[in-house]
Amino acid sequence: MIMGLLGFVLRAAVVLSGTAALTFALLWNAPGDPAQAIAMARFDALLTEDVIDQVRAEAGLDISFWPAFTSWLVPLLSLDFGNSAVTGRPVWPDLVTAMSYTFPLALASLAVGLAVSLPLAVLAAKRPGSLVDRCAVAVASLGVAIPAYWLGLLLILLFAVKLAWLPAMGARTAAHAILPALTLGLGVTASFTRIIRSGILEARGQPFLPAIRRRGVSDRAIGRDHVAPHAAIPVVTVFGLELAFLLEGLVLVEVIFGRPGLGTFLVQAILARDFPHVQAVVVLTALIFVTVNLLIDGIYRVIEPRIGERDA
Amino acid sequence: MTLSVSGLSAVRSGRTILHPTSLVIAPGARIGLVGLSGSGKSTLGHALIDDLRAQGRSVAHVPQSPDEALDPLRSMAFHWQEAEHALGLTPGSADQRGLFAALNIEGGDLSKRPWSWSRGMQQRFVIAMALIGTPDLIVLDEPTSALDPVVAAATMDLLDRHLDGRETAMMLITHDLGLAARRVFQLMVMHDGQLVEQAPTDDILLRPQTRAAQALVAHRNWMALPC
């Protein structure tokens, strides 16, 4: 157990430092003059060479790659993301504000996805090939096929413009989160429905089920004690992957709906070449991924300890 | 109490795989159901179990391999309690210690899942589980074909000894005439979904009447096998 945890921490450290180094190198070597982009974002005007040079010095861009990398990496080890190159303010408070918009939205879309897909998949798997099943499969295919940015615009058109039921842009009230959550939720619903449905169908084909049934165990108990745990294994896997798609979708959806969350934060930072901001989001995202993977690994070991034994 | 069923049959995808069959099984009987692969032995076994269940009799079933009996995600203790619950017994009321001693698996750790037990022990656990509640009949479907010969022989010996003097009848489904010859008093020969011959074991081994029985006897050097 302790060895496993230690191994995990080591792997996480490799992933995190690799991600950090790669992002830094990519940003550093991206075409265009970062100092100019930062100065543009800061003063919002065309500027003389002197001003740009001054910005370059302030943002620490006038040194070579390795000194710049270490001067960024060392404070990062104590989770200090430094100050924004544009505003000069510390990154953390702004990052926390952005997260406070993003995480509730992410949770809401996961909740929408689970709330729709679980009953839908269970119903569909009850009788494969039935009308309900075919509808579920259709919903799943549609959800995968429709890109979030297009669906978001359609929802705005219907619920905000035509019906005027819900606000389209901004994040002032909870109602502002409904359309973005639905937009992201459909994608989540689609993949969860497919995976839960096929998970149940596959679990039902397990070779030991007929014998257990013949032992006199009720169908209800079989579903709960034998089918559900086997169906849960692929679902847990996809839950982790889904988080990746969700973070990706969040960037688009936040920009479409004008929400000042992590996605918007990231896009603005990239445009302004605000290195500390970009790095903060990337490292945070990597951290989320690593943590989620750890959780999933833990859940696996509870459901299926053979996975743990193979590692040992 | 004597078990009897009549008119058991089965049809799969339009083909009759079990022609109407009737059976009578006396208490404590040891019956071997033999025949080639695909002759309908297991089908008859399943139909027999389902029919007797419908009559309200208690019948236990031991499939060929423990993989077909145990959920790899569930502990042995869970399987045991589930079996007790299915029989309407309160958890822990079955004579687990006695059955485990009878099948020589006292050392097994019940908190573990099936795959941390050896296959021989898993299969004996499944047999022990089948004997909870002292069933009227235990149907063993190729119970030893997933085991090596020595473990298989030991398992059958333990089961024999446990059933000795009890009311529980045993039906051994096997294509292995050698196994059946040593364990049962009466043989039933299946061929093409039909029960073609039924007689005391020695009679069939020495004087097989039908072609199916003759073929089985001729192609098996049954005396030389360890079980």
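The values are calculated or read from the model by the stated rules, or taken from the named source; none is laboratory data. Predicted model, so just to flag it, every value in this text is computed and none were measured. Positions of Cβ are generated from backbone atoms using ideal geometry, with glycine treated the same way; all protein chains shown enter the neighbour counts.
Here is how the numbers come out for the structure above:
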{"item": "All strands (runs of 3 or more DSSP E) inside region B:1-97 with 1 or more residues being out of contact with any helix residue (DSSP H, G or I) (no Cβ under 8 Å at 6 or more places or on another chain)", "result": "B:3-12, B:15-25, B:30-34"}
{"item": "Candidate set: region A:1-57, residues that are among the β-branched types (V, I, T) and closer than 19 Å to A:D274 by Cα; chosen: the one farthest from the chain's Cα centre (by Cα)", "result": "A:V51"}
{"item": "Per-region count, region B:143-160, residues surrounded by 20 or more Cβ atoms within 10 Å (Cβ to Cβ) and either modelled with pLDDT of 85 or more or of a type in the set (A, V, I, L, M, F, W, C) (or both)", "result": "4"}
{"item": "Residue list for region B:53-72, filter: at negative phi, within 13 Å of another protein chain (Cβ to nearest Cβ) and surrounded by fewer than 22 Cβ atoms within 10 Å (Cβ to Cβ)", "result": "B:R53, B:A54, B:R57, B:S58, B:Q64, B:S65, B:D67, B:E68, B:P72"}
{"item": "In region B:182-200, the residues that are within 26 Å of B:P149 (Cα to Cα) and of a type in the set (V, I, T)", "result": "B:V184, B:V189"}
{"item": "Pair list, Cβ under 8 Å, 6 or more apart: region A:241-253 residue within 20 Å of A:L155 (Cα to Cα), other residue aromatic (F, W, Y) and part of a helix (DSSP H, G or I)", "result": "A:L252/A:Y149; A:V253/A:Y149"}
{"item": "Failed item in (1) free of Cβ contacts under 8 Å to residues at least 40 places away in the same chain; (2) farther than 25 Å from A:P128 by Cβ, with A:R213 passing the rest", "result": "(2)"}
{"item": "Set B:L177, B:L163, B:L195: member being surrounded by fewer than 20 Cβ atoms within 10 Å (Cβ to Cβ) and out of contact with any Asp or Glu (no Cβ under 9 Å at 6 or more places or on another chain)", "result": "B:L163"}
{"item": "Helices (runs of 4 or more DSSP H) enclosed by region A:181-271 - at least 2 residues per element that are away from chain B (no Cβ under 13 Å)", "result": "A:228-256, A:262-271"}
{"item": "Subset of region B:124-138 (residues that are on the phi > 0 side of the Ramachandran plot and of a type outside the set (G, A, S))", "result": "B:T134"}
{"item": "Output for region A:26-51, where each listed residue is within 16 Å of A:V86 (Cβ to Cβ) and of a type in the set (A, V, I, L, M, F, W, C)", "result": "A:L27, A:A35, A:A37, A:I38, A:A39, A:M40, A:A41, A:F43, A:A45, A:L47, A:V51"}
